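One structure is given here, and the rest of the page talks about it.
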Amino acid sequence: MTLAYFNGKIVEVKEPVIPIDERGHQFGDGVYEVIRFYNKKPFMMKEHLERLYASAKVIKLAIGSELAELEKAMLELVEKSGLEDASLYIQVTRGVAPRNHLFPQCPASISMTVKPSRPISEAVRQQGVKVLLLEDERWKNCYIKSLNLLPNVLAKQEAYEQNCFEAVLVRDGFITEGSSSNFFIVKDGSIQTAPLTNYILPGITRIAVKAIAEQLSIPFIEKSFSPEELFAADEAFLTSTNCEVLAVTVANNCLIGNGQPGGISKKLFAQLQEKTK
Ligand code: PDD
């Protein structure tokens, strides 16, 4: 069953537990993470927790719980849910205080939900997905996993309305990442993706894919590329906790490669599946 958590209490997801003055709700003043559980086992939990603490640190938010304590609460919640394959979302905000832009003197709020994971269907995997290129209208600190997702939400909706699975964002003529994923091309046997700068989220699945590429001796180049380089690529794919490795076969109605999921994308996905078994 699905379960939720708010400041130490386990509740039903539908229970109204977030106070109206909660800063995540009023300001988006917080950070979050998504962790996938496969057969009850968390995948790269340490990396996700470290990124959560890193994001909180940049926005000067004291989480107030030690990493190990938070990890325990997460594991307990998933255990209680009884779910084997689950997605756990955790949000940490600057707490509950009367509305004022200035930082309040109150403890952080921690909320979580655990729901069954929603794997990409086999049919979608077989076909690959379409993406739409859009201007990256986000701020300059996209390396923070911030709760402020309005530009991401608008981009994803625009993509959806144009029959695309994901919006791929372009800043100053170069592709940064997807609205909720990292983005990659394959050209002449090498994988290429945007470097880790403040303009992209340092994806955890990106770390896993980089390690797999190294194991398979596939060159992994961290260098920005343009939409034209995407259109001329042999393959493209995106990565995220939710999509894992997902082949992209069409971008702005242009076929990528032969319009079928590419061999390297398939290999990376197969290897990732081995790691999550
Ligand atoms: N999104 N870039 C952005 C903007 C993202 O929102 C995400 C993840 C990623 C991939 O990161 P990771 O591999 O650590 O999941 C890249 C999650 C899944 C979400 O918001 O639901």
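List the longest stretch of the chain that has no exposed loop site; here a site is one of the GluC sites (Glu not before Pro) assigned by DSSP to anything other than H, G, I, E or B, with at most 14 other Cβ within 10 Å. Please report the intermediate quantities before stating the final value.
Numbers: sites that count: Glu12, Glu66, Glu84, Glu137.
Segment 138-277 is the longest.
With N the number of residues in region 3-116, Rg(Cα) / (2.2 N^0.38 Å) evaluates to 1.04. Please report the net charge: other residues with Cβ closer than 14 Å to the Cβ of Leu83, K and R +1, D and E -1. Net charge around Leu83: +2.
A DSSP coil position with no more than 12 other Cβ atoms inside 10 Å describes the following trypsin sites (Lys or Arg not before Pro) in region 1-86: Lys14, Lys60.
Calculate how large, on average over all directions, the projected area of the Cα convex hull of the chain is; give the answer in nm² to one decimal.
Values: hull surface 57.7 nm².
Result: 14.4 nm².
For trypsin sites (Lys or Arg not before Pro), the sites in region 102-197 that DSSP calls loop and that have at most 11 other Cβ atoms within 10 Å are Lys140.
Expressed in nm to one decimal, what extension gain is obtained for the pair Lys267 and Ala54 from 0.36 nm per residue of sequence separation less their Cα-Cα distance?
Full extension from Lys267 to Ala54 adds 73.5 nm.
Taking the Cα centre of region 3-116 as reference, the dipole from Cβ charges on Lys and Arg (+1) and Asp and Glu (-1) amounts to some 200 debye. Distance between the 7 Å Cα→Cβ label points at Leu216 and Lys46: 2.5 nm. For region 131-277, the calculated P(r) over all alpha carbon pairs, in 5 Å bins from 0 to the bin holding the longest distance, is 2, 10, 21, 25, 22, 13, 6, 1 percent. Per residue, the accessible area of region 122-275 comes to 46 Å², computed with a 1.4 Å probe over protein heavy atoms only.
Taking all protein chains as present, what is the carbon and sulfur share of the accessible area of the chain, in % to the nearest whole number, probe 1.4 Å? All intermediate terms of the calculation are to be shown ahead of the outcome.
Working: 7450 of 13810 Å².
Here carbon and sulfur together make up 54 percent of the probe-accessible area.
The values are calculated or read from the model by the stated rules, or taken from the named source; none is laboratory data. Keep in mind it's a predicted model, so treat the numbers as computed, not measured. Positions of Cβ are generated from backbone atoms using ideal geometry, with glycine treated the same way; all protein chains shown enter the neighbour counts. Surface areas here come from the heavy atoms of the whole protein model, side chains and all, with no ligands, DNA or RNA. Shrake-Rupley method; radii C 1.70, N 1.55, O 1.52, S 1.80 Å.
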